[in-house]
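Trainee: Structure in structure tokens, see below.
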Amino acid sequence: MLYQIKNEFFEVTIDSLGAELKSIKYQGVEYLHDSNPKYWGRSAPYLFPNIGAIKDKYTIFDGKEYPLTKHGFLRDIHMECVSQDEDSITFRVTDNKYTHGLYPFAFEIIVHYELTAKAVVASIEVINNSREAMPFNFGLHPAFKVPRYDGEKYEDYIIKFSGPVSADLASVNLTNGLVDYENPARSVRNLESFNLNHSDFANDALVFDGIDLDKVQLIAPNGEIVTLETHGFKTLGIWSPYPVEAPFVCIEPWIGCADAPKSNHEFVTKKDLITLKPNEKWSTTYQISIKKD
């Protein structure tokens, strides 16, 4: 089911399926990918309890195999709308029989959105209702429309970081989606910005690991700036499907990553796990802001 919130500046549509942002219109202009399945049928899913591919499509908890899918299951389950005002909305979901077959923990997840004059502000809470420690990864996956206006080119848009980035970009196996940090695809040093180019995604996502960024900006040729601001995310994926030359780019802050080729399938050995004690809560916030000259 689709829900809408709005204020003087924004009109935002959210799907109860995964509490996924489906449209962000600012002053009447659309900024998100329209989920056209020709390119990618999503727009901004949340990634939980895993990010990216799982080796051989299964993971192990306490000696038992579970068939976790790419990017986890949160994006595929309906969340209940528990409150809504004109400019804010809150969704909630708890574990159920379906999730128990994929992930053997009791949990509650709350997603809240509210609008300001310049930004869509989101907050997420994950609560462990299990009797044992609960490990998980978490990620964002918003797809921003590029190009946005007639006459623009994809290559006219610029990704800009909040500071210089130096990283060895992990290679991605195009067959199984596994991410290999031991054999990086390329290296960058003191990179502050770059123009988009479809060919950069010929080997899947650009995976920047171990970076300390709180802002990533997408700058249009007319000077418009879309800023994604996060806190505590250690890895950044930038992706667009190739070779279809899709009209969007995903800017993906992650806490965690796809399995490595040497994975032993044990979930507790996954990279950058967040682990909650019983009744413990983890929370994060992010915002998408838009600035026009």
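Trainee: What ³J(HN,Hα) values, in whole Hz, does the Karplus curve 6.51 cos²θ - 1.76 cosθ + 1.60 give for segment 126-136 when θ = phi - 60°, with x put for Gly and Pro?
Mentor: Per-residue couplings from phi come out as 10, 10, 8, 9, 7, 8, 10, 4, 10, x, 6 Hz.
Trainee: A follow-up question, please. Once you charge only the Cβ atoms, +1 for Lys and Arg and -1 for Asp and Glu, what is the size of the charge dipole of the chain about its Cα centre, to the nearest 20 debye?
Mentor: Numbers: 29 positive and 41 negative charges, 72 e Å.
Dipole of the chain, to the nearest 20 debye: 340 debye.
Trainee: Could you size up the charge dipole of segment 149-242 around its Cα centre, putting +1 on the beta carbon of Lys and Arg and -1 on that of Asp and Glu, and report it in debye to the nearest 20? The partial results should precede the final answer.
Mentor: Numbers: 6 positive and 15 negative charges, 28 e Å.
Dipole magnitude for segment 149-242 comes out near 140 debye.
Trainee: Right, another one. Roughly how far apart, in whole Å, are the Cα centres of segment 89-126 and segment 39-63?
Mentor: Using only Cα atoms, the two centres lie 16 Å from each other.
Trainee: How big, in percent, is the set of alpha carbon pairs in segment 1-155 lying more than 21 Å apart? Working shown, then result.
Mentor: On the way: 5954 of 11935 pairs.
Value for segment 1-155 (Cα pairs over 21 Å): 50 percent.
Trainee: Let me ask something else about it. Going by average Cβ density within 10 Å per residue, which order do the peptides 8-15, 168-175 take, highest to lowest? Please report the intermediate quantities before stating the final value.
Mentor: On the way: 8-15: 19.0, 168-175: 17.0.
Ranked by mean Cβ neighbours within 10 Å, highest first: 8-15, 168-175.
Trainee: In segment 1-126, if the dipole is taken from +1 on Lys/Arg beta carbons and -1 on Asp/Glu beta carbons about the Cα centre, which of 100, 66, 124 is farthest to the positive end?
Mentor: Farthest towards the positive end: 66.
Trainee: When ranked by the protection proxy of mean other Cβ atoms within 10 Å per residue, highest first, what sequence do the peptides 17-28, 193-204 form? Don't skip to the answer; put the middle values down first.
Mentor: Numbers: 17-28: 19.6, 193-204: 15.2.
Result, highest mean first: 17-28, 193-204.
Trainee: Looking at 52, 81, 26, which one has the Cα that reaches farthest to the positive end of the dipole of segment 1-89 (charges on Cβ: Lys, Arg +1; Asp, Glu -1)?
Mentor: Projecting each Cα onto the dipole axis, the largest value belongs to 52.
Trainee: Rule-of-thumb check for segment 87-134: C-alpha Rg over 2.2 N^0.38 Å? Present the calculation step by step, with values, prior to reporting the outcome.
Mentor: Values: Rg = 14.0 Å, N = 48, 2.2 N^0.38 = 9.6 Å.
Rounded to two decimals, the normalised Rg is 1.46.
Trainee: Could you list the residues of segment 56-96 with an amide nitrogen less than 16 Å from a label point located 7 Å from the Cα of residue 180 in the Cα-to-C-beta direction?
Mentor: Those under the cut-off are 56.
Trainee: Debye sum, Cα scatterers, the chain, no solvent: what log₁₀ I/I(0) at q = 0.08 1/Å?
Mentor: -0.33
Trainee: On to the next question. What translational diffusion coefficient, in µm²/s and rounded to a whole number, does the Stokes-Einstein relation yield for segment 138-181 at 20 °C and a viscosity of 1.002 mPa s, taking the hydrodynamic radius as the Kirkwood radius over Cα pairs? Present the calculation step by step, with values, prior to reporting the outcome.
Mentor: Values: Rh = 14.1 Å.
The Stokes-Einstein estimate is 152 µm²/s.
Only the coordinates and a few stated rules stand behind these numbers; no lab work does. Given the structure is predicted, the values throughout are model-derived calculations rather than measurements. Note that we place each Cβ from the backbone using ideal geometry, even for glycine, and neighbour counts take in every protein chain shown.
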